Structures are given as C-alpha cells and as structure tokens.
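The values are calculated or read from the model by the stated rules, or taken from the named source; none is laboratory data. In this text the structure is predicted, and so the values were computed from the model without any measurement. When we count neighbours, we look across all protein chains shown, and the Cβ atoms used for this are built from the backbone with ideal geometry, even at glycine. Heads up: the accessible areas ignore ligands, DNA and RNA and are worked out on the full protein's heavy atoms, side chains in. Shrake-Rupley method; radii C 1.70, N 1.55, O 1.52, S 1.80 Å.
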Amino acid sequence: MTTPLSPILSPNGEGAQMPSPDRPIVIVGSGLAGYTLLKEIRKRDAAVPVTLVTADDGAFYSKPKLSNALAAGKPAAALAGASAEKMAAEQNATVLAHTRVCAIDTQAQRIRTDRGELDYAGLVLALGADPIPHGLQGDGAADVLAVNDLADYAAFRAAIDGKRRVTVLGGGLIGCEFANDLAQAGFAVDVVHLGAWPLERLLPQEAGVRLADGLASLGVTWHFGRTAQRVEHAGEGYGVTLDDGATITTDVVLSAIGLRSRTRLARAAGLATGRGIQVNRLLEASVPNVYAIGDCAEVDGVVLPYVQPLMVQARALGATLTGAPTAAVYPAMPVVVKTPAHPVAVLPPTIGAAGGWKVECGDAGVCALHLDAAGQLQGFALTGAETGRRDALLKALAA
Ligand SMILES: Cc1cc2nc3c(=O)[nH]c(=O)nc-3n(C[C@H](O)[C@H](O)[C@H](O)COP(=O)(O)OP(=O)(O)OC[C@H]3O[C@@H](n4cnc5c(N)ncnc54)[C@H](O)[C@@H]3O)c2cc1C
C-alpha cells in the first residue's frame with residue numbers, strides 16, 4: 001500500500017525533512033532489527049526512499065538459529081536466507097553491503113562510511129552488540145572464538161570440524177544453548193562458569209540446578225565458580241587454565257561470556273549513551289531525527305537483547321517513520337532457552353521488584369513463581385515439562 005509521505009518526526013520538531021532519494025531514511029545494520037524495521041516501513045509505505053547500510057554482507061539470517069544449528073543438521077551456509085540483492089529487490093530499498101559507517105554528522109544529517117557519504121532525513125541505528133572481550137592470557141588466547149553473526153558461525157563450524165572437545169566459557173543463555181547443541185552432536189563439552197549455577201541472574205537456584213543436571217546428563221562437564229585465565233597451545237589442541245590452577249584439555253574454546261551494546265559510533269557523534277544508545281519509548285535518541293533499536297538500544301533505561309523486544313520496537317518505529325508516532329509498548333516477553341536436554345522459559349520480574357520466588361520442584365521440572373507480598377504473580381521460571389505452563393501463566397499475568 002502506498003500512502004502519502006509524511007515528514008520524519010523529530011523530538012522537538014527540529015529539522016524535520018521529507019525523505020527523498022537524495023536524503024532517504026537510512027537504517028544502519030542488517031540484523032533482525034534493521035531488516036524487521038525495513039519490512040515494517042514497507043508494510044505501511046511502499047515507496048518512501050530507504051537505504052540500509054551494513055558492515056556485513058547483508059544476507060538475511062535468524063541469529064537465534066546459530067545456537068541450535070548442529071542439532072538441526074544445518075551447515076553455516078544453510079542458515080543464510082535472502083542475499084542483500086534479494087532483500088533490496090523485495091523491499092524496494094537500496095542495500096549497501098560491506099559498508100561501515102565511521103561517523104555521524106548530526107547537524108548536517110549525514111553519515112560518513114568507508115565508501116563515501118550519505119545524507120539522511122532520518123537515521124536508525126540498529127548496530128547490535130559486540131562480544132565482551134575475554135581478556136585471556138596465553139599463546140592460544142587469540143584463537144578463542146565467539147559466535148555473534150553468521151560469519152563467526154562459519155568460522156566456528158570450520159574450527160570444530162573433525163574435532164571432539166569444546167570448552168565453552170560462560171554458562172549464560174548462549175553458553176548453555178551451545179553446550180546443549182554441541183553435546184547433542186557428540187562433542188565432549190566443558191563449561192566454565194563464574195556463577196554457582198547457570199543463568200543465575202535469571203533463574204532461582206533450583207531451576208538453574210535442574211538445567212545444569214539436564215545438560216550434565218548429555219555429558220556436559222560443569223566448572224562452577226571458576227573463571228578461565230590462560231589458553232595455551234597443547235599438542236594439536238589447547239590447555240585452558242582456570243583460576244584454581246586446574247587445566248582443561250580441549251580442541252576449541254568458545255567464549256560466551258556476554259555481549260555489550262555497540263555505542264561507540266553514537267557516543268562519538270554526541271548522542272547520549274549508557275549501557276546502550278539511549279532512546280525514549282518512541283525510539284528517539286538525544287538528537288533530532290536519530291533513532292536506535294535492537295541490541296544497541298537502551299530503551300527507556302533498559303537494554304533487552306532479545307528478538308521479541310526488537311520486533312515490538314521495529315513495529316513502533318516503522319509506524320513513527322511513516323507518519324504515525326507510536327511508542328514501543330512491550331507485552332510480557334518470556335525468554336525461552338533452547339536447551340532441549342532440559343528446556344527453560346523465564347519471565348524475569350521487573351528490575352527492583354520486591355518479592356521472592358516460590359519454588360515447586362517435581363520429577364518433570366521446576367515451577368518457580370515470583371510473587372509480591374500480596375501473592376501477586378510478577379514473573380516465573382519454568383523448566384522441563386513445567387514449561388508447558390507458560391501460556392497459562394502469561395494469561396494469569398495479563399488478567
Ligand atoms: C547465538 C545466539 C543465540 C540467540 N538466541 C536467541 C533466542 O533464542 N531468542 C531470542 O530472543 N534472542 C536470541 N539471541 C539474541 C538475538 O539474536 C539478538 O537480540 C538479535 O539478533 C539482535 O539483532 P540486531 O539486529 O539488534 O543486531 P545484529 O544482528 O548484531 O545486527 C547488527 C548489524 O549492524 C551492523 N553494523 C554494526 N556496526 C556497524 C557500522 N558501524 N556500520 C555498518 N553496519 C554496522 C552489523 O554488520 C549487523 O548487520 C541470540 C543471540 C545469539 C548470539
């Protein structure tokens with residue numbers, strides 16, 4: 001459907017300009033956030049000029065599939081969907097792949113890339129997040145891998161090809177998912193985790209212990225309360241030295257210790273940043289006509305590095321950029337951990353919520369309800385077969 005073009009909105013009504021071929025809406029990033037926004041704009045406006053600029057090859061892919069592709073029998077190449085050219089044709093947009101944005105001139109409304117400059121009417125930063133540097137010592141430290149995009153995943157698959165042992169650093173969501181996938185595919189997996197149980201910031205102990213046991217039943221060896229310090233070449237593989245002096249002998253080391261929003265570009269341009277690029281519920285940054293969504297965005301003080309929030313953000317911003325200012329309003333968004341050995345679904349209570357966990361452990365799993373002093377449900381953590389109660393609990397929360 002083609003609708004008349006509306007001027008891009010700005011927080012103070014400053015500098016609002018009609019997008020044009022010379023000054024389009026510019027989206028930076030071709031991850032799920034960037035491409036979902038492009039599709040949302042197109043649902044509402046078939047013609048408004050949009051240029052998507054991305055440092056990578058611009059192929060569409062679903063990042064969550066990276067941590068269960070072994071079990072799904074998918075090689076890295078099979079995870080790439082439509083190419084940049086196909087996305088551009090399908091979405092009637094210009095897609096500039098292999099193009100890195102180096103600077104933003106917010107006064108002139110212009111970005112500088114490593115392939116030239118581009119003016120924008122509205123600029124959307126969908127830059128994602130970087131793996132936190134592992135800081136390991138030793139002559140093998142440079143070989144430690146992290147998987148945060150399709151190219152990383154292709155390198156990881158090449159590294160584990162013909163190998164048997166993988167050491168995963170970090171027992172958070174991504175570490176647990178890779179541990180499950182690798183163990184299920186027959187690898188001997190060690191997980192080094194600083195916490196006393198996996199996902200300790202999301203799960204009460206009983207639920208975390210069940211998840212750990214589920215993965216252990218697949219053959220995963222846990223090293224709780226430990227950090228890795230050094231990685232040294234040892235024969236064909238590596239020795240990973242822990243802070244208690246113990247050494248794990250392994251073929252490949254995968255770091256999954258967390259991600260950090262990409263804020264440097266925005267900070268250098270004078271945008272307000274904290275844990276992410278700070279935006280309000282309209283996804284507006286601190287300067288006119290600049291927006292941020294996805295893993296790089298701190299929306300109303302919170303970074304939510306998951307798919308469902310970015311979908312909500314993209315839908316809202318797609319409406320705003322086509323003339324209908326719309327705030328991002330989240331429904332209850334449970335996090336599902338892809339660990340078939342012992343599945344987990346968790347809806348964390350809001351940060352700072354008073355109350356506590358009421359935990360029931362059965363043979364099939366754990367049902368933990370986060371309740372306030374009046375017994376009101378605030379969140380939940382479900383494991384194993386108890387994950388089947390997720391929808392009923394979401395309904396109870398909405399009531
Ligand atoms: C292994 C793994 C499994 C996951 N599983 C789940 C799951 O099951 N459920 C869930 O909800 N979430 C999951 N997540 C999180 C989810 O995938 C992310 O929240 C989401 O994909 C982030 O999308 P994004 O577009 O914000 O960032 P990204 O996908 O990282 O995209 C960022 C884009 O910005 C580009 N870029 C960055 N800097 C520049 C620059 N200067 N110039 C030009 N381009 C630039 C990059 O090239 C890239 O195209 C998982 C994450 C990982 C790593």
**Request:** Among the numbered conditions (1) buried (at least 20 other Cβ atoms within 10 Å of the Cβ); (2) aliphatic (A, V, I, L, M); (3) within 13 Å of the ligand (Cβ to nearest atom), tell me where LEU369 comes up short.
**Result:** (3)
**Request:** Would you be able to say whether some residue in the stretch 336-350 is more than 16 Å from the ligand (Cβ to nearest atom), farther than 30 Å from ARG42 by Cβ and modelled with pLDDT under 95?
**Result:** yes
**Message:** Taking the condition of being more than 14 Å from the ligand (Cβ to nearest atom) and within 23 Å of the chain's Cα centre (by Cα), how many residues in the stretch 122-142 meet it?
**Reply:** 3
**Prompt:** Just a yes or no: is a residue in the stretch 264-279 in contact with an Asp or Glu (Cβ under 6 Å, 6 or more places away or on another chain) and open to solvent by less than 20 Å² (accessible area, probe 1.4 Å)?
**Reply:** yes
**Asked** Just a yes or no: is a residue in the stretch 315-330 of a type in the set (Phe, Trp, Tyr) and under 16 Å from SER62 (Cβ atoms)?
**Response** no
**Prompt:** For the subset of the stretch 53-87 comprising residues that are under 19 Å from PHE187 (Cβ atoms) and free of Cβ contacts under 8 Å to residues at least 40 places away in the same chain, which member is most open to solvent (accessible area, probe 1.4 Å)?
**Reply:** LYS65
**Request:** Go through the stretch 103-113 residue by residue and tally those that are within 15 Å of the ligand (Cβ to nearest atom), over 11 Å from THR54 (Cα atoms) and in contact (Cβ under 8 Å) with a residue 60 or more places away in the chain.
**Result:** 4
**Message:** Being away from the ligand (no atom under 16 Å from the Cβ) and hydroxyl-bearing (Ser, Thr, Tyr) is the filter here; which residues of the stretch 249-262 pass it?
**Reply:** THR249, THR250
**Message:** I'm trying to understand the selection: among the residues of the stretch 119-156, which are under 24 Å from ILE104 (Cα atoms) and of a type in the set (A, V, I, L, M, F, W, C)?
**Reply:** ALA121, LEU123, VAL124, LEU125, ALA126, LEU127, ALA129
**Message:** Looking at the stretch 263-291 only, could you name the residues that are outside any loop (DSSP other than H, G, I, E, B), touching a Ser or Thr at 6+ places or on another chain (Cβ under 9 Å) and either more than 11 Å from the ligand (Cβ to nearest atom) or not basic (Lys, Arg) (or both)?
**Reply:** ALA266, ARG267, THR273, ILE277, GLN278, VAL279, GLU284, VAL290, TYR291
**Request:** Please specify each residue of the stretch 300-318 satisfying the condition of being closer than 20 Å to VAL26 by Cα, open to solvent by less than 60 Å² (accessible area, probe 1.4 Å) and more than 10 Å from the ligand (Cβ to nearest atom).
**Result:** VAL312, ALA316, LEU317, GLY318
**Message:** So, THR241, is that one farther than 30 Å from VAL192 by Cβ, in contact (Cβ under 8 Å) with a residue 24 or more places away in the chain and among the polar types (S, T, N, Q) or not?
**Reply:** no
